[in-house]
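Visitor: First the structure, which I've put down as structure tokens, then a few questions once you've had a look.
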Amino acid sequence: MNLEQLEYVVEIAKTKSFSAASANLHITQSAISQSIHRLEHELGVVLFERSRSGTFPTVEGKQFIAKAMDILQRVDDLKTMNIEASALTGELHVATFPSVMPYLVQATAEMKIEHPLLDISIEEKGSMEIIKDIRSNKIHLGFIAIYTKQLREFDGLHFIPMYSGKLVVCTHHHSELAKLNRVTPEQLKLHKLALYRDGFVDDFIQDFTYDHGPLSILFRTNNSEAITTVLGSNMAATIGHDFSFYQHPLWKEGVLKLIEITGIDQPKMQIGFVQAESKEIALAAERFTLKFRQAIELGHL
């Protein structure tokens, strides 16, 4: 005898049908019938009688079902106690670079369902600012992009790599720039750019200007919605992490195009979670990281 068999018996009693019970429990009718047959053989009694009007419990069956319902209720009570015992409390501050905020919101909502006493705050910032805020204890967990060579400088921080990436140009699919699959530095200088304030983008622009001359920059901003407006209306292109654009609604709708930058040697970049090596928030950060990663991977489907 096992809990699954108890669930089968209770569901059959509720629906008065083997077929309806199998549908509700998402198993085959043959499997549920065989399981009930084995249970009846083990108990030495018949639990159900079938007729044209439905399936009904025998006298022995009614007694068994009452006890089965009581056992299942006690199991549910134990599960509830376990959830409450493992519920997290305190505060968890999380930040991410632009475009993946919808997944951050989704992960937060799911965490609050499981851990209603956990106080979660979320915000959107550039990767370098997130690292700075973690070091100063303003943020507990950050989703960032980082050059591989910079990981050697992560004293006191724990980094969990998830994806690799690089900087690319993103533009409206009807723009002149979208006619290219690769863009050279000289070609890029001919097009207007709206740039998000991010340390990697800032470094790229600084090196580009030194090697190839100035770019035509429409504006810089720390507001990702402003970048979305510019891209959607085909006013200018932008430069950013390829991974972040893969999550962008306009890219998923086919409105945007990503263009590789050639003629420039980009350092290797990794994308993942960073957190302080603190035991106090380790469990909350671990569970949030899992929720966030699941949200992103489901978003790829």
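Visitor: Which shape class applies to the chain: rounded if a/c is under 1.5, otherwise prolate when a/b exceeds b/c and oblate if not, where a ≥ b ≥ c are the square roots of the Cα gyration tensor eigenvalues? All intermediate terms of the calculation are to be shown ahead of the outcome.
Guide: On the way: a/c = 3.89, a/b = 2.32, b/c = 1.68.
It is prolate, given that a/c is not under 1.5 and a/b is the larger ratio.
Visitor: Lys112: which lysines have alpha carbons under 21 Å from its alpha carbon, excluding same-chain residues fewer than 8 sequence positions away?
Guide: Straight-distance partners of Lys112: Lys79, Lys138, Lys279, Lys291.
Visitor: Based on DSSP H runs of at least 4 residues, each adding -39500 (n - 2.57), what is the mean residue ellipticity at 222 nm of the chain after dividing by all its residues, to the nearest 500 deg cm²/dmol? Intermediate values should be presented prior to the final figure.
Guide: On the way: 12 runs with 141 residues, N = 301.
Computed ellipticity for the chain at 222 nm equals -14500 deg cm²/dmol.
Visitor: Using θ = phi - 60° and the Karplus relation 6.51 cos²θ - 1.76 cosθ + 1.60, list the HN-Hα couplings for segment 32-45 in order, rounded to whole Hz, with x at every Gly or Pro.
Guide: 5, 5, 5, 5, 5, 4, 5, 5, 4, 5, 5, 7, x, 9
Visitor: Test of understanding: express the Cα radius of gyration of segment 142-184 as a ratio to 2.2 N^0.38 Å, with N the residue count.
Guide: My calculation over the Cα atoms of segment 142-184 gives 1.75.
Visitor: Shifting gears a bit: Please compute the contact order of the chain in relative form: average sequence separation of alpha-carbon pairs under 8 Å and at least six residues apart, divided by the residue count, as a percent.
Guide: The normalised contact order for the chain reaches 21 percent.
Visitor: Please list, in order along segment 140-146, the HN-Hα scalar couplings obtained from phi with the Karplus expression 6.51 cos²θ - 1.76 cosθ + 1.60 (θ = phi - 60°), rounded to whole Hz, x for Gly and Pro.
Guide: 8, 9, x, 9, 9, 10, 8
Visitor: Taking amide H positions as placed 1.01 Å from N in the peptide plane, with prolines and chain starts having none, which residues 5 or more places from Tyr147, or on another chain, fall under 5 Å of its amide H?
Guide: Gln270
Visitor: At a Cα cut-off below 19 Å, give the aspartates and glutamates reachable from Lys62, other chains included and same-chain residues fewer than 8 away excluded.
Guide: Those aspartates and glutamates meeting the cut-off are Glu4, Glu7, Glu11, Glu40, Glu42, Glu49, Asp70.
Visitor: Something else now. Which net charge results for the neighbourhood of Ser216, defined as the other residues with beta-carbon distances under 10 angstrom from its beta-carbon, given Lys and Arg at +1 and Asp and Glu at -1? If you can, show how the numbers build up before the last one.
Guide: Values: positive: Lys189, Lys192; negative: none.
Its environment carries a net charge of +2.
Visitor: A further question on this structure: Return one whole number: the accessible area per residue of the chain in Å², for a 1.4 Å probe.
Guide: 55
Visitor: Explain nothing, just compute: Karplus ³J(HN,Hα) = 6.51 cos²θ - 1.76 cosθ + 1.60, θ = phi - 60°, for every residue of segment 131-138 in order, whole Hz, x for Gly and Pro.
Guide: 4, 4, 5, 5, 5, 9, 6, 7
Visitor: Loop only per DSSP, at most 11 neighbouring Cβ atoms within 10 Å: give me the GluC sites (Glu not before Pro) in segment 218-301, ordered by residue number.
Guide: Counting only loop positions with at most 11 other Cβ atoms within 10 Å, the GluC sites (Glu not before Pro) in segment 218-301 are Glu253, Glu277, Glu280.
Visitor: Let me ask something additional. Select from segment 139-217 those chymotrypsin sites (Phe, Trp or Tyr not before Pro) which occupy a DSSP coil region and have at most 16 other Cβ atoms within 10 Å, ordered by residue number.
Guide: For chymotrypsin sites (Phe, Trp or Tyr not before Pro) across segment 139-217 that sit outside H, G, I, E and B with at most 16 neighbouring Cβ atoms in 10 Å, the list reads Phe154.
Visitor: Report, to the nearest whole %, how much of the accessible area of the chain belongs to carbon and sulfur atoms, 1.4 Å probe, protein only.
Guide: On the way: 8700 of 16520 Å².
Within the chain, the accessible surface is 53 percent carbon and sulfur.
Visitor: Further, regarding this structure: Which shape class applies to segment 245-293: rounded if a/c is under 1.5, otherwise prolate when a/b exceeds b/c and oblate if not, where a ≥ b ≥ c are the square roots of the Cα gyration tensor eigenvalues?
Guide: Judged from the Cα gyration tensor, segment 245-293 comes out oblate (a/c at least 1.5, b/c at or above a/b).
Visitor: Within 10 Å of each candidate Cβ there may be at most 13 other Cβ atoms; applying that plus a DSSP loop requirement, which GluC sites (Glu not before Pro) in segment 101-207 survive? Working shown, then result.
Guide: Details: sites: Glu110, Glu114, Glu123, Glu124, Glu129, Glu153, Glu176, Glu186; in loops: Glu176.
Those that pass, being in a loop and sparsely packed, are Glu176.
Visitor: What does the charge count around Thr262 come to, taking other residues whose C-beta lies under 12 Å from its C-beta (Lys +1, Arg +1, Asp -1, Glu -1)? Each step should come with its number before you reach the end.
Guide: Numbers: positive: Lys166, Arg182; negative: Glu186, Glu260, Asp265.
Summing Lys/Arg as +1 and Asp/Glu as -1 gives -1.
Visitor: For each pair in Lys132/Lys252; Lys189/Lys252; Lys125/Lys192; Lys179/Lys257, compute the distance between the two Cα atoms and list the pairs where it is over 21 Å.
Guide: Check vs 21 Å cut-off fails for Lys132/Lys252; Lys189/Lys252; Lys125/Lys192.
Visitor: Sticking with this one: Let me cross-check His115: its accessible surface, 1.4 Å probe, with only protein heavy atoms counted, in Å² to the nearest 10?
Guide: Roughly 10 Å² of His115 is accessible to a 1.4 Å probe.
Visitor: Sticking with this structure for a sec: If you take every DSSP beta bridge whose two residues both sit in segment 92-246, what share of them, in percent to the nearest 5, is antiparallel?
Guide: DSSP beta bridges in segment 92-246 are roughly 20 percent antiparallel.
The values are calculated or read from the model by the stated rules, or taken from the named source; none is laboratory data. Here the structure is a predicted model, which is why all the values come from computation and not from measurement. Here Cβ is always computed from backbone atoms with ideal geometry, including for glycine, and neighbour counts include all displayed protein chains. With ligands, DNA and RNA removed, areas are computed over all heavy atoms of the protein, side chains included. Shrake-Rupley method; radii C 1.70, N 1.55, O 1.52, S 1.80 Å.
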